[in-house]
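Coordinate-derived values only; no laboratory data. All values derive from a computational prediction rather than experimental measurement. Every residue, glycine as well, gets a Cβ built from its backbone with ideal geometry; the counts of neighbours run over all protein chains shown.
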Amino acid sequence: MTTSSATAAPSSSTLSDAPFGAEQHLEAPSTTRHAAADNAGLWSTQGRIGRITYLVRTGIAVLIQFSAFALVAYAAYRAPAHQAQAYALALDVSQFVIGLPCIIFNLLQGKRRLNDQNRSGWLMLLFLIPIISLIPMFMMMFARGSEGDNRFGAQPAAPSANQMTTFWLILGAMLVLGVILGYAMA
């Protein structure tokens, strides 16, 4: 006597009864892989991110840091002379408290951007060398990521219309803030 139920593929009703890990062999659709890569988390070192996502995320971090700097610097500028030391200390503390997480966040995003190009995150060490640091900066901003999946994960999804709009708004805000800070420093 042979039993055909032992060799048959499990139906959807028996998948829940399968032992732990049995459904690991099922292949997920590519749209799910893109969604999983996009949902890796902002502070994750895993996965890949495209150019627009990289520029939006790091642009927001830079805007937060520069906005905090501009607010404290403006308050210091308007303060009486006898409070200058207190405002200088407040400026230093605010830049440390806000700047350190922004730097760490930008390093993590840079690593993921390099992973998109099938390069190691260790290439970020080139940022420590003056003039040479321009090479990874331009690579992360302008170089296209590798096509298809690579050793760091699935190819990121194309940027949405909302991401493109956010990119242009951040770029404009950075230009405006740069002009304001430049004018204020002169």
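Miscellaneous remarks
- Exposure proxy ranking for Val62, Val97, based on other Cβ atoms within 10 angstrom of each Cβ and starting from the fewest, stands as Val97, Val62.
- Contour minus Cα-Cα distance for Leu89 and Val62 (0.36 nm per residue): 7.6 nm
- Dipole of the stretch 43-185 computed with +1 at Lys/Arg Cβ and -1 at Asp/Glu Cβ about the Cα centre; of Gln65, Leu100, Gly148, farthest Cα towards the positive end is Gly148.
- The stretch 124-164 shape via C-alpha gyration tensor axes, a/c threshold 1.5: oblate
- For the stretch 50-186: rounded, prolate or oblate by the Cα gyration tensor [a/c cutoff 1.5]: prolate
- Among Leu169, Leu181, Leu108, sorting on how many other beta-carbon atoms sit within 10 Å of each Cβ, with the fewest leading, yields Leu169, Leu181, Leu108.
- Amide proton proximity set for Gln155, modelled H, under 5 Å, gap of 5+: Asp149, Asn150
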